Amino acid sequence: MNSVKSISFLWLGSLIGAGVAFMTQVVLARVLGADSFGLFASGLAMAMLIAPIASFGIGPYWLKVFGSEGWGAIRWVTPSLKLAMFSISTGVLILLFWGAVGPHGIQSRLLIFFLAAHLAGQASLEIASSKLQLEERFLELAIWQLFPHIVRMLLIVIAFIFLENLTAIWAAIAYSLTALFVVMLSIKMFLSLGRGEIELKGHGAINDNQPHEKFPSITEVAKNAWPFGLAALSNIIYFQSDIVLIKYFVGDSQAGVYNVAFSVMAAVYLFPSAVFQKFFLPKVHRWAHQNRVKMRAVFYKGSWVMFGLGVVAALALWALAGWGVPFLFGGEYKSASFYINILAASSPAMFVAYSAGAYLVTQEHMKLKVKLMFFVAAMNLVLNFLFIPMYGALAAAVSTVLCQWTLATMYYCCTVRFVFGTGHDNGKSK
């Protein structure tokens with residue numbers, strides 16, 4: 001019952017967050033027009049491409065190390081936070097550099113400069129979320145991840161009311177102000193965590209008499225966390241790089257239309273993300289060391305459930321996209337429904353990918369997951385570079401579907417073989 005209640009909190013928070021984020025995109029698309037909306041969307045996608053470099057996989061690594069070491073993993077917190085300060089600063093500088101030297105005009109350059117703050121906010125949000133996951137405070141986690149969506153929406157609505165002409169630059173400023181709020185709140189959480197103030201779940205009460213291992217260096221943290229950061233980067237590359245490439249190869253207008261389709265799919269994928277990346281992931285790390293029988297049962301049952309939900313999502317998208325897109329976004333974006341119909345074909349695959357992929361971050365399997373993700377990211381980039389100049393957003397949609405089915409198939413097969421295969425799982429609780 002507690003699990004159902006916790007998932008309900010996350011699902012409801014994700015649903016509301018998806019709705020608010022989606023309505024923000026609707027407002028921006030209608031007010032800005034396809035050209036300016038494409039300009040904004042491509043700049044935002046560029047910031048999100050660099051965000052995994054800024055967060056460096058620290059949050060997901062905390063889930064793994066606390067899952068294996070329990071309370072002893074507190075020793076990793078302080079050097080991790082020092083690494084986070086360095087990596088976030090590096091990510092911001094990379095984005096600013098691209099804004100200064102990249103092949104774009106003054107408006108695009110200013111937009112990227114403002115979105116550098118959004119990058120810092122996104123990285124801080126993800127790292128701070130891991131603390132709430134470890135404490136299994138799922139209601140607070142849902143509120144925490146909903147907060148930026150609401151603030152951004154309110155700021156954009158206020159700007160729309162009081163400004164005669166809402167531009168992409170003002171939208172970027174709204175995103176940046178939201179990010180500053182997130183960073184300030186994250187710092188408060190980081191300071192408390194650095195003092196060892198955490199209500200860790202699943203590992204019993206803290207034992208002050210347990211042996212204390214030495215504190216790791218920042219280099220040791222980076223050595224252990226980088227696979228998680230590279231995995232996130234690979235995920236962003238095959239999921240969001242399309243928008244950036246469409247902008248530079250085809251133009252802002254088609255990037256804006258395609259971003260409507262992307263926004264719809266991103267809203268759909270918030271549900272499996274909430275279930276497996278936020279709720280089950282800390283538990284999966286514990287089960288990998290404590291109860292592999294339960295871990296295996298949840299994997300097989302969860303994979304079938306998620307595949308079925310993915311099919312339902314695809315059918316819903318095919319039924320609603322044709323009239324829903326013009327109704328919500330306006331006739332200017334009607335062609336986005338065509339891309340949604342293509343992208344919907346990958347919904348079952350992505351639902352399974354979120355499920356199976358969660359098990360590949362446990363124990364020694366993370367590097368395998370990184371290799372799979374990197375392969376798919378490279379595959380996506382090659383297909384996009386070859387075909388977007390000739391076929392535009394159509395090529396991006398088709399390559400995304402191919403890559404997502406490839407990723408889901410590899411995730412599932414590798415989980416069965418390497419996580420639960422002979423020599424890895426003897427069917428006994430550990």
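The values are calculated or read from the model by the stated rules, or taken from the named source; none is laboratory data. Keep in mind the model is a prediction, meaning the values are calculated, not measured. Every residue, glycine as well, gets a Cβ built from its backbone with ideal geometry; the counts of neighbours run over all protein chains shown. Surface areas here come from the heavy atoms of the whole protein model, side chains and all, with no ligands, DNA or RNA. Shrake-Rupley method; radii C 1.70, N 1.55, O 1.52, S 1.80 Å.
When restricted to residues that are closer than 10 Å to residue 260 by Cβ and of a type in the set (Val, Ile, Thr), segment 315-342 contains 2. Hey, among the residues in segment 62-85 that are surrounded by fewer than 24 Cβ atoms within 10 Å (Cβ to Cβ) and of a type in the set (Ser, Thr, Tyr), which one's farthest from residue 179 (Cα to Cα)? Step by step, filter segment 62-85, then rank; the result is 68. The residue list 238, 248 contains one member that is surrounded by 22 or more Cβ atoms within 10 Å (Cβ to Cβ) and among the hydroxyl-bearing types (Ser, Thr, Tyr), which is 238.
Going by the conditions given, is residue 88 buried (at least 21 other Cβ atoms within 10 Å of the Cβ) and either within 28 Å of residue 190 (Cβ to Cβ) or free of Cβ contacts under 8 Å to residues at least 40 places away in the same chain (or both)? So residue 88 fits the description; yes. Out of 125, 111, 119, 115, one residue alone is closer than 13 Å to residue 172 by Cα, open to solvent by less than 20 Å² (accessible area, probe 1.4 Å) and under 14 Å from the mean Cα position of the chain (by Cα). It is 119. Hey, among the residues in segment 211-227 that are touching a Leu at 6+ places or on another chain (Cβ under 9 Å) and open to solvent by less than 40 Å² (accessible area, probe 1.4 Å), which one's nearest to residue 402 (Cα to Cα)? Across segment 211-227, the extreme among qualifying residues is 225. Looking at residue 166, is it in a helix (DSSP H, G or I), over 25 Å from residue 56 (Cβ atoms) and not basic (Lys, Arg)? Judged against the criteria, residue 166 is not a match. With a requirement of 3 or more residues that are small (Gly, Ala, Ser), the helices (runs of 4 or more DSSP H) lying completely within segment 54-163 that satisfy it span 58-69, 77-101, 106-134.
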